[in-house]
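Asker: Structure below; questions to follow.
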Amino acid sequence: MVLQQMLIFLGYPIWWGDLPMGVYTFLERENLVGKTIIPFCTHEGSGLGNTERFIAESTKAKVLPGLEMRGRKAQNSQTEAKAEMEEWIKKSLADIK
């Protein structure tokens, strides 16, 4: 349906160290074989957890290193969060080439 793109930035909050159910549903329904997924998440202590590994194993996509950011930083330090995310995006895109 959605995914004719080869590069997918997949963002989600981490809930108790895990993906939200809606993301599980998305990963199950879409054919992501051969795609490149770059995950990013907000959390309050668990980082990306095992989500990068799960995404790679369940989709057979190439998964690049993700960005994890504390929700507190994203909400209260937006300038710092934006700079961190922009740097991560540049690095991620360079890793694809």
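Asker: Whats the longest run of the chain with zero GluC sites (Glu not before Pro) that are DSSP loop and have at most 16 other Cβ atoms within 10 Å?
Answerer: 45-97
Asker: Roughly how far apart, in whole Å, are the Cα centres of the range 76-97 and the range 1-43?
Answerer: 18 Å
Asker: Do any trypsin sites (Lys or Arg not before Pro) in the range 1-73 lie in a DSSP loop with no more than 16 other beta carbon atoms within 10 Å, and if so, which? Spell out each step's value before the answer.
Answerer: Details: sites: ARG29, LYS35, ARG53, LYS60, LYS62, ARG70, ARG72, LYS73; in loops: LYS35, LYS60.
Within the range 1-73, the qualifying trypsin sites (Lys or Arg not before Pro) (loop, at most 16 other Cβ atoms within 10 Å) are LYS60.
Asker: Dipole magnitude of the chain about its Cα centre, charges +1 at Lys/Arg Cβ and -1 at Asp/Glu Cβ only, in debye to the nearest 20?
Answerer: The calculated dipole for the chain is roughly 200 debye.
Asker: Once every DSSP H run of n ≥ 4 in the chain is given -39500 (n - 2.57) and the sum is divided by its residues, what mean residue ellipticity at 222 nm do you get, rounded to the nearest 500 deg cm²/dmol? Let's see the in-between values first.
Answerer: Numbers: 4 runs with 43 residues, N = 97.
Rounded to the nearest 500, it is -13500 deg cm²/dmol.
Asker: Hey, another quick one. Treating cross-link reach as a plain straight distance, find the lysines whose alpha-carbon is under 22 Å from the alpha-carbon of LYS91, omitting any fewer than eight places away in the same chain.
Answerer: Cα-Cα hits under 22 Å: LYS35, LYS62, LYS73, LYS82.
Asker: Also, quick follow-up: By count of other Cβ within 10 Å, fewest leading, how are ASP95, ASP18 ordered?
Answerer: ASP95, ASP18
Asker: A further question follows. Along the charge dipole of the chain, Cβ charges K/R +1 and D/E -1, which of ASN50, LEU93, ALA74 sits furthest on the positive end?
Answerer: LEU93
Asker: Let me ask something else. In the set (1) 309; (2) 95; (3) 111, which value of volume of the Cα convex hull per residue in Å³ was calculated from the structure you see?
Answerer: Of the listed options (1) 309; (2) 95; (3) 111, (2) comes from this structure.
Asker: Okay, next question. Test of understanding: what is the full-extension gain from VAL33 to GLU80, defined as 0.36 nm times their sequence separation minus their Cα-Cα distance?
Answerer: Full extension from VAL33 to GLU80 adds 13.5 nm.
A short reminder: the numbers here are calculations on the coordinates, not readings from a lab. The shown structure was predicted, so the numbers you read here are calculated from the model rather than taken from an experiment. Cβ: placed from backbone, ideal geometry, glycine included. Neighbour counts: every protein chain shown.
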